[in-house]
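Peer 1: Dropping the structure in here first, questions after.
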Amino acid sequence: MHEARGLLIAALAALPLPAAAQETTAASSTTSETSEPMAVPAGYRQVWADEFDRLDPKKWRYDTSRNQAGWYNNELQYYAADRPENVRVEEGHLVIEARKERLADRPDFGGQDYSSGKLVTAGIADWTYGFVEVRAKLACGRGVWPAIWMLGTDGKVGWPALGEIDIMEHVGWDEGRVHGTIHTKAYNHAIHTQRGANTLLPDACTAFHRYQLDWNADRILIGIDGRAFMRFDNDHKGDPATWPFDKPQYLILNVAIGGWGGQKGIDADAFPSRMEVDYVRIWQKR
C-alpha cells in the first residue's frame, strides 16, 4: 500500500508519496501490464479461508500501532479496535467502515478527524506462494483509500526490503480504477521504481468483485474476476532486493483516509464509507 505502516524506517517515513506512485496510469518503466486468465492452479488445495459468519480473533487482529504517533503517507485515520462502528460482520460480510468523527476518549487517540479499521493476519497466519482471492465491494469517495495487500513477516529487514504485494488499491478521487503493485528494496515508490499496473472497473464501488493474487516462485499475477492485469516476473538472480517473495507474507485489509487517497482533498459527504468483504480464500500447492 505504498509503504509498510508500522515497519517503514524513519528516513522513508518522512517522505511524501512520490509523484510516480500517484499517477492514475503508471509510467511504462514501472508497469508490468498483462491480460491473461487467472484461476486456482491444478493441484492446489484450500489452506485458509474466512467466510465471515463472525469476526474470528483466531484469524485476524487489529493493527492500531501508529494511532498515537500518526500513520505513514500523511494518512489521517484512527484505526479502532473492538469497535463495531468501524469493523463488524453484517449479513455474512465483513464491513470496514470509515467515519468522520474524533474518538478523543480513546487512550491512543492521535488527534485524527476520521476513524476506520485495519485487520491483519500477522502473528496468526502467513503464507509463501499461493492463490489468494478476496471477494469485495470497495469503499469510495474522494479521500478514501481501501486496500487488500500483503507484507513480508521479517520485520527486522524493514520496508521495503521485506517485500509488499498490493492486490488491490483504489483511490476515491479516481473512482473505478484499481491498482496492483509490488514493492521491494530495488522497486518501490520512494525511489520511483515500483512495479505495477491498473485497470478500469467502473462498478467497483457498487458491485462485488474477486480480487486475486497468483504467486509462485517464478512470477506474481494480480487480477480481477479471473483475468490478470499485472505481472511481475522473478529475475532468478537470487537477489532479495528484486525478489524478496520467497518468504512468508501476511494479509491486510484496511480503509485509509488521506495519503494517496487524499491527494485531491477529502469530501466530507463521502462518509461513512465502507468496504464489504464477502470472503477471503487462500489455496496452496499440495
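Peer 1: Quick check for the chain: number of Lys pairs with alpha-carbon distance under 25 Å, counting only pairs 8 or more apart or on different chains?
Peer 2: Count of close lysine pairs: 27.
Peer 1: Which whole-number percentage describes the relative contact order of the chain, with Cα contacts under 8 Å and a sequence gap of 6 or more? Mind showing how you got there, number by number?
Peer 2: On the way: 765 pairs, mean separation 86.6, N = 286.
It rounds to 30 percent for the chain.
Peer 1: Test of understanding: what is the full-extension gain from residue 128 to residue 156, defined as 0.36 nm times their sequence separation minus their Cα-Cα distance? Numbers along the way, then the final one.
Peer 2: Values: separation 28, 0.36 × 28 = 10.08 nm, distance 1.78 nm.
That works out to 8.3 nm of additional length.
Peer 1: So if R0 is 45 Å, what FRET efficiency would residue 247 and residue 102 give, r being the distance between their Cβ atoms, rounded to the nearest 0.05?
Peer 2: Details: r = 39 Å, r/R0 = 0.87.
It comes to 0.70.
Peer 1: Right, something else. Of all the accessible heavy-atom surface of the chain, with the other protein chains kept in place and a 1.4 Å probe, what percent is carbon and sulfur?
Peer 2: Working: 5230 of 11400 Å².
So the carbon and sulfur contribution to the accessible surface is 46 percent.
Peer 1: A follow-up question, please. Tell me which of 230, 168, 273 sits at the most positive position along the dipole axis of the stretch 154-286, charges placed on C-beta atoms (Lys, Arg +1; Asp, Glu -1).
Peer 2: 230
Peer 1: Of all trypsin sites (Lys or Arg not before Pro) in the stretch 83-125, which ones are in loop regions per DSSP and have a Cβ with at most 15 other Cβ atoms within 10 Å?
Peer 2: On the way: sites: 88, 99, 100, 102, 118; in loops: 102.
Qualifying residues, ordered by number: 102.
Peer 1: Per residue, what accessible area does the stretch 187-286 have, given a 1.4 Å probe and all protein chains present, in Å²?
Peer 2: Working: 3950 Å² over 100 residues.
Per-residue value: 39 Å².
Peer 1: In the chain, with Lys and Arg counted as +1 and Asp and Glu as -1 at Cβ, which of these residues, 104, 197, 70, has the Cα nearest the positive end of the dipole, that is, farthest along it?
Peer 2: 70
Peer 1: Right, here's the next one. Between the stretch 148-175 and the stretch 36-94, how many Å separate their Cα centres?
Peer 2: Measuring centre to centre over Cα atoms gives 14 Å.
Peer 1: In deg cm²/dmol, rounded to 500, what helix-only [θ] at 222 nm does the chain give when every DSSP H run of at least 4 residues adds -39500 (n - 2.57) and the total is split over its residues? Please report the intermediate quantities before stating the final value.
Peer 2: On the way: 2 runs with 8 residues, N = 286.
Rounded to the nearest 500, the figure is -500 deg cm²/dmol.
Peer 1: State whether the stretch 25-108 is rounded, prolate or oblate according to the following rule on the C-alpha gyration tensor (a ≥ b ≥ c being the square roots of its eigenvalues): a/c under 1.5 gives rounded; otherwise a/b larger than b/c gives prolate, and the remaining case gives oblate. Intermediate values should be presented prior to the final figure.
Peer 2: On the way: a/c = 2.58, a/b = 1.33, b/c = 1.95.
It comes out oblate by the Cα gyration axes.
Peer 1: Still on this structure, I have one more. Compute the distance from the alpha-carbon center of the stretch 182-251 to that of the stretch 128-144, in whole Å.
Peer 2: 13
Peer 1: Express in nm, to one decimal, how much length is gained between residue 227 and residue 40 on full extension, taking 0.36 nm for each residue of separation and deducting their alpha carbon distance. It would help to have the intermediate numbers written out before the result.
Peer 2: Working: separation 187, 0.36 × 187 = 67.32 nm, distance 1.18 nm.
Contour length minus the Cα-Cα distance gives 66.1 nm.
Peer 1: Would you mind calculating the gained length between residue 236 and residue 219 on full extension (0.36 nm times residue separation, minus the Cα-Cα distance), in nm to one decimal? Can you show the working numbers first?
Peer 2: Values: separation 17, 0.36 × 17 = 6.12 nm, distance 1.00 nm.
Taking residue 236 through residue 219 to full extension adds about 5.1 nm, to one decimal.
The values are calculated or read from the model by the stated rules, or taken from the named source; none is laboratory data. Since the model is a prediction, treat every value here as computed from it, not as a measurement. Glycine also receives a Cβ, built like all others from the backbone with ideal geometry; neighbour counts cover every protein chain displayed. These accessible areas exclude ligands, DNA and RNA; they are computed on the full protein's heavy atoms, side chains included. Shrake-Rupley method; radii C 1.70, N 1.55, O 1.52, S 1.80 Å.
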